[in-house]
Each structure stands twice: as C-alpha cells, then as structure tokens.
Amino acid sequence: MAALTLDMGKFIAGLQYKDIPQEASPFIHTAFADCVGVMIAGAREPAPQILKSILSSKGSEATLLFGNERGTALDAAWINGTAAHALDYDDVAQRGHPTVVIVPAILAEAEAIGASGREMATAYAAGYEIWAELVRRDPDHQHKKGWHPTGIFGAVGAAAACASLLKLDAQKSAYAI
C-alpha cells in the first residue's frame, strides 16, 4: 500500500475529538447546519426524488430526506447528498463542495450506528482534512481537466469520515479511502 494512503489511514484512525482545534468547532457546526438547510431545500427537487424512487428503501438504518421514510445508510447518504447539492447552494471550499458529500455520509452512518455528536464532529474533521490534503497535493486543478473535484475528492473524504465514525484501525481506514 502506498505510504500516502497508509499515512492517511493512520491520521483517520488516530484522530480524536480533543485533537480538533477549538476554533474549528464553530466551522464544523456551521457546516452541518448549512448542509441540513440545503438538504431540506433540495429534498423536493427531481434528482433526489428520482433516486429515492429507484434505490431500494428496504433498509431502516437512516432517514431519507428528513421525512418518515427510511433506507440503508448507503442509500440515505446518496439520496440526501443529492438533495443537498440539487440547488447548488452548498458550501464551496477546497476546490469543490466538501460538506455536501461528507455530512450526508456522516448523518446516515451516524444514525445507523448511534454515533454521538462528538464522533460526528471528529468524522467531519477527518473527512475534511483528507480532502484538503488531496487538494494540496494536486497541483493541476481538476476543473481545468474537465473534472468536478467534488466527485473526485468527495468519495475519499466521505470514506474517511465514515472510517472515523466506525473507528476503523489505520489499515482498514486506508482500505476505505
């Protein structure tokens, strides 16, 4: 396994709530509140409604679109993330939209496993920092190549966040990302 991936796995596995700088806390709270707001605003848009109608909602792990329906954590993250990005009011940072990918994954997985608020904040920090590290190491802007960085870095950031929530060890966190 590449040293970078394993180093990132070690970071994810070792990150604890107490390690997050105190000044980052308001940013994390704002990120969650903003994402929930844009999810609610985008919930009735066609894209999340189409996904909801197509994906299996047989699971009961997580809430879909803040309604009464439930689905698997995976489906909830996908549907809710689509709602959050549907109106394009979501945050812009790190050459993309990190929160719209990371927070829906955290909310769905946290609901499925019963994670605490502190665990969710730690997961956000893990996902965001991994995304930021990848952006820092990418000298060529993905937009110039015709790629949307949210799709590239988002999956890795969300995987890092969920690895943190699941308290995976360094090796498994590296595999996740």
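The values are calculated or read from the model by the stated rules, or taken from the named source; none is laboratory data. Note that this is a predicted model, so its numbers are computed, not measured. Methodologically, a virtual Cβ is constructed for each residue, glycine included, from the backbone with ideal geometry; neighbour enumeration extends over all protein chains shown. Just so you know, the surface numbers come from the protein's heavy atoms only, side chains and all, with ligands and any DNA or RNA stripped out. Shrake-Rupley method; radii C 1.70, N 1.55, O 1.52, S 1.80 Å.
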Legend entry - Hits in segment 115-152 (condition: of a type in the set (S, T, N, Q) and either free of Cβ contacts under 8 Å to residues at least 60 places away in the same chain or in contact with a His (Cβ under 9 Å, 6 or more places away or on another chain) (or both)): 116, 142, 150
Legend entry - Close pairs from segment 1-13: first touching a residue at least 12 places away in the same chain (Cβ under 8 Å), partner part of a helix (DSSP H, G or I) and acidic (Asp, Glu), Cβ under 8 Å, at least 6 apart: 8/133; 11/129
Legend entry - The lone exception for residue 52 - which of (1) farther than 23 Å from residue 97 by Cβ; (2) at pLDDT below 95 it fails: (1)
Inset, instruction - Only helices (runs of 4 or more DSSP H) wholly contained in segment 14-103 count here; list those with 3 or more residues that are in contact with a strand residue (DSSP E or B) (Cβ under 7 Å, 6 or more places away or on another chain), over 23 Å from residue 148 (Cα atoms) and of a type in the set (Asp, Glu). - result: none
Inset, instruction - Report yes if residue 23 is touching a residue at least 12 places away in the same chain (Cβ under 8 Å) and of a type in the set (Asp, Glu), otherwise no. - result: no
Inset, instruction - Go over the candidates 76, 115, 121, 161 one by one and state the one that is open to solvent by less than 60 Å² (accessible area, probe 1.4 Å), closer than 20 Å to residue 41 by Cβ and of a type outside the set (S, T, N, Q). - result: 76
Inset, instruction - Looking only at segment 128-146, count how many residues are surrounded by 12 or more Cβ atoms within 10 Å (Cβ to Cβ) and outside any helix (DSSP H, G or I). - result: 1
Legend entry - Total residues in segment 102-112, condition surrounded by 19 or more Cβ atoms within 10 Å (Cβ to Cβ) and either at pLDDT below 95 or of a type outside the set (A, V, I, L, M) (or both): 2
